[in-house]
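Below is one structure, written out as structure tokens, with a few remarks after it.
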Amino acid sequence: MPAAAAPPALLLIQTAFIGDVILATALLEFLHRTEPTTPIDFLVRQGNEGLLKGHPHVRRVLVWDKKKAKYRGLRRLLSQIRAGGYGRVVTLQRFASTGLLTAFSGAPERIGFDKNPLSFRFTRVVPHVIGAGVHEVARNLHLLDPAYAGPVVPPRLYPSAADEAAAARAAAPAAGGPYLCLAPTSVWFTKQFPEAQWLKLLAALPPRYPVFLLGGPPDTAACQRLLEQSARPGVVNLSGKLSLLASAALMRGAVLNYVNDSAPMHLCSAVGAPVCAVYCSTVPYFGFGPLSPFSRIVEVPEALECRPCGLHGHAACPLGHFRCAHSIETRQLLAVLAESEVVR
């Protein structure tokens, strides 16, 4: 009896930031569990493809260079997608560009959110609701199953043996002992705990812990300033020296990871790393909170009428005082470390 033919391939589209791609990997876990024979391709923006390197549930990664050849690359991608013979194309974004790729993909099933300008050409449209305590993962899962009411599926990344080895080399200053990681930056200024606040934390952290500063190449200068201004011994600047997957592997081994509401928080979620997420201008209610087994959120103790001031953040505090960040106390962050030490 001949083997059953594999179902048509499915294409997921998420060309936004690193954290968005990480959260989208929860759909890969869901699909692997519910449709293990469906081939899955994933379209990301150039620079994020490393997140999916060697991912066991991804057949092929498509890459869009949005900086150098945005529109020419879009036309080329559309031709590639149409030639792919996909049975389903699912865009996780609300932008016209990815809506176009979905709407004109030639796929029998074209799925996306109602806020996408091209949604009138989709075969299934799902409401996109920010807030109401709905996590981004759950919002995305409704694209695959509108009736889904189960638990939030954590995202997952798969560091390779080379990534694990790179993380082990980076952790050498800890000499096999416990350590902390700190990712101090964010694309958005008002999502970023201020440098002066991080310096207070570094001064107060127990000296027995080496502290590794993490970030990408654009964050190296900010991490170096922290290193130079901190009088604390045992601080190591690893910014720009590790891949995203190697950084995730290093964070998984930490006693605690201090992060902003930004991509490193989602890296922690994807490998189950203990995390303390500092929320400044944004709020967990938007649905982008951490999903690690040990996840704690620190935010300003009192309610502020101006908070949240936006979904993503701003280049500066709109009111000039940035109280949502400067009113957070170091003791709040230290309390999370004390709790993580007990749990560990």
Worksheet item: Since Gly131 meets every condition but one in (1) in a loop (DSSP other than H, G, I, E, B); (2) closer than 30 Å to Lys67 by Cβ; (3) not aliphatic (A, V, I, L, M), which condition does it not meet?
Response: (2)
Worksheet item: Of everything in the range 171-194 that's within 22 Å of the chain's Cα centre (by Cα) and part of a helix (DSSP H, G or I), which residue is surrounded by the most Cβ atoms within 10 Å (Cβ to Cβ)?
Response: Thr190
Worksheet item: Given (1) in contact with a helix residue (DSSP H, G or I) (Cβ under 9 Å, 6 or more places away or on another chain); (2) surrounded by 15 or more Cβ atoms within 10 Å (Cβ to Cβ), where does Leu337 come up short, assuming only one miss?
Response: (1)
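Restricting the search to the range 286-327, which residues are among the aliphatic types (A, V, I, L, M) and closer than 22 Å to Leu201 by Cα?
Passing the criteria: Ile297, Val298, Val300, Ala325.
For (1) surrounded by fewer than 16 Cβ atoms within 10 Å (Cβ to Cβ); (2) touching a helix residue (DSSP H, G or I) at 6+ places or on another chain (Cβ under 6 Å); (3) without any contact (Cβ under 8 Å) to a residue 40 or more places away in the chain, each residue gets a yes or a no:
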| site | (1), (2), (3) |
| --- | --- |
| Val44 | no, yes, yes |
| Leu52 | no, no, yes |
| Ala96 | yes, no, yes |
| Ala107 | no, no, no |
| Asp114 | yes, no, yes |
Response to the item:
Asn237 meets each of (1) closer than 20 Å to Ser160 by Cα; (2) touching a Leu at 6+ places or on another chain (Cβ under 8 Å) with one exception, condition (1)
Worksheet item: Just for helices (runs of 4 or more DSSP H) wholly inside the range 197-312: which have at least 2 residues that are more than 18 Å from the chain's Cα centre (by Cα), surrounded by 24 or more Cβ atoms within 10 Å (Cβ to Cβ) and not hydrophobic (A, V, I, L, M, F, W, C)?
Response: none
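Residues are listed down the side, and each one gets a yes or a no for (1) within 16 Å of Thr185 (Cα to Cα); (2) in contact with a Phe, Trp or Tyr (Cβ under 6 Å, 6 or more places away or on another chain):
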position	(1), (2)
Pro210	no, yes
Arg225	yes, no
Asn237	yes, no
Ser247	yes, no
Ala263	yes, no
Pro284	no, no
Worksheet item: Any residue in the range 296-308 that is in contact with a Ser or Thr (Cβ under 8 Å, 6 or more places away or on another chain) and small (Gly, Ala, Ser)?
Response: no
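Given the condition under 22 Å from Leu143 (Cα atoms) and more than 25 Å from the chain's Cα centre (by Cα), answer yes or no: does some residue in the range 66-76 qualify?
Within the range 66-76, none of the residues are under 22 Å from Leu143 (Cα atoms) and more than 25 Å from the chain's Cα centre (by Cα).
Sort through Phe95, Phe122 and tell me the only one that's assigned by TED's automatic domain parsing to the domain that holds Phe42 and closer than 25 Å to His32 by Cα. If you could, list the steps in order and put the result at the bottom.
Working: Phe95 fails: closer than 25 Å to His32 by Cα.
Answer to the selection: Phe122.
Restricting attention to the range 74-84, does a residue exist that is within 16 Å of Leu31 (Cβ to Cβ) and surrounded by 15 or more Cβ atoms within 10 Å (Cβ to Cβ)?
no
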Discussion item. Six or more apart or on different chains, Cβ atoms under 6 Å: show the pairs whose first residue is in the range 206-224 and over 23 Å from Gly177 (Cα atoms) and whose second is surrounded by fewer than 19 Cβ atoms within 10 Å (Cβ to Cβ).
Written reply: Pro217/Gly240; Thr220/Gly240
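The values are calculated or read from the model by the stated rules, or taken from the named source; none is laboratory data. Values in this document were obtained by computation on a predicted structure and should not be read as measured data. Please note: Cβ atoms are built from the backbone with ideal geometry, for glycine as well, and neighbour counts cover all protein chains shown.
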